[in-house]
Amino acid sequence: QVQLVESGGGLVQAGGSLRVSCAAPGRTFSDFSMGWFRQAPGKERDFVAAISWSTDKTNSADSVKGRFTISRDSAKNTVYLQMNDLKPEDTAVYYCAARRGRQPSIRPSMYDYWGRGTQVTVSS
């Protein structure tokens, strides 16, 4: 079992930045791929970005390209989502997810473990 803990959400004005983090206490991600997803009220859970821990390959949704960056810190066993130029439509609960294997996926169903989420609210 892998427990994922997100942190770093909050309230920010449009155009601002936030960084959310995801860690797994007592666990390494060396054989996992990690993803960030988000879910706004009344909407489905959407893919945001993903990274392969072993290859460092990343991909991200078109809606966040150029604004959001996913990265990892092997020494801290932590994955980050740096969010810049935030917009009100980015408001959502952001979830970290992990799946076994080197290939990231944009599909929530492909992930084995999920965090509880962290709220990101962008005011206009």
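Could you tell me how many of the residues in the range 28-71 are among the basic types (Lys, Arg) and under 14 Å from ALA97 (Cβ atoms)? Show your work before the answer.
Within the range 28-71, the subset among the basic types (Lys, Arg) is 38, 43, 45, 57, 65, 67.
Next cut, under 14 Å from ALA97 (Cβ atoms) only: 38, 45.
Residues flagged as among the basic types (Lys, Arg) and under 14 Å from ALA97 (Cβ atoms) within the range 28-71 amount to 2.
With the requirement that a residue be farther than 27 Å from SER17 by Cα and in contact (Cβ under 8 Å) with a residue 12 or more places away in the chain, what does the range 100-110 give you? Even if it seems obvious, please write down each step before you answer.
Taking the range 100-110 and keeping what is farther than 27 Å from SER17 by Cα, we get 100-103, 109-110.
The answer is ARG100, GLY101, ARG102, GLN103.
For the range 89-120, which residues satisfy the criterion of being farther than 15 Å from GLN3 by Cα and either among the acidic types (Asp, Glu) or open to solvent by less than 50 Å² (accessible area, probe 1.4 Å) (or both)? Please lay out each step first, then the result.
Step one: filter the range 89-120 for residues farther than 15 Å from GLN3 by Cα, giving 89-94, 101-110, 119-120.
Correct list: GLU89, ASP90, THR91, ALA92, VAL93, TYR94, GLY101, PRO104, SER105, PRO108, VAL120.
The values are calculated or read from the model by the stated rules, or taken from the named source; none is laboratory data. Note that the coordinates shown come from a computational prediction; the quantities given were computed from them, not determined experimentally. Note that each Cβ is placed from the backbone with ideal geometry, even for glycine, and that neighbours are counted across all protein chains shown. To get the accessible areas, we keep the full protein, side chains included, count just its heavy atoms, and leave off ligands, DNA and RNA. Shrake-Rupley method; radii C 1.70, N 1.55, O 1.52, S 1.80 Å.
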